[in-house]
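Below is one structure, written out as structure tokens; comments come after it.
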Amino acid sequence: MRSRACQPGHMGDPNAWYYCLTHQTAEKGVGCRGGDRMGPYPDEATARRALELARERTESEDEADRKWKGK
């Protein structure tokens, strides 16, 4: 059962995939509120990897920051 904050009917691209942080699942189209989702993603497989992709991007940016700062 979805929590009250995650009731369907919130805006989203009906053809795109999102990752719901509350339910820890990939969702297609309209779903939980935008603040509880990551995306949009082009497909379900990519949406399922949302946390992994975010972690990789953060690590990459952290490394770029270290290089820029000369550390």
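Applied to segment 28-36, the Karplus parametrisation 6.51 cos²θ - 1.76 cosθ + 1.60 on θ = phi - 60° returns per-residue 3J(HN,Hα) values of 9, x, 5, x, 5, 4, x, x, 9 Hz, with x for Gly and Pro.
As a proxy for reagent exposure, ARG49, ARG66 were ordered by neighbouring Cβ count within 10 angstrom, fewest first; the result is ARG66, ARG49. Per-residue Karplus couplings for segment 44-50, computed as 6.51 cos²θ - 1.76 cosθ + 1.60 with θ equal to phi - 60°, are listed in order as 5, 4, 5, 4, 5, 8, 3 Hz, Gly and Pro entered as x.
How would LEU51, LEU21 line up from fewest to most surrounding beta-carbon atoms within 10 angstrom? Write down the numbers at each step before the final one.
Working: LEU51 12, LEU21 15.
If I rank by nearby Cβ atoms, fewest first, I get LEU51, LEU21.
Near LEU51, once Lys and Arg are set to +1 and Asp and Glu to -1 for all other residues with Cβ below 15 Å from its Cβ, the sum equals -1. Amide H contacts of THR25: CYS20, each under 5 Å away and 5 or more positions distant or on a separate chain (H built 1.01 Å from N in the peptide plane; Pro and chain starts excluded). Close amide H pairs (under 5 Å, H built 1.01 Å from N) link ALA16 with GLY29, residues at least 5 positions away or on another chain.
Since every read-out is calculated from the coordinates, none of them should be taken as a lab result. Computed from a prediction, not measured in an experiment: that's the story for all the values here. A quick note on method: Cβ atoms are made from the backbone with ideal geometry, for glycine too, and the neighbour counts reach across all protein chains shown.
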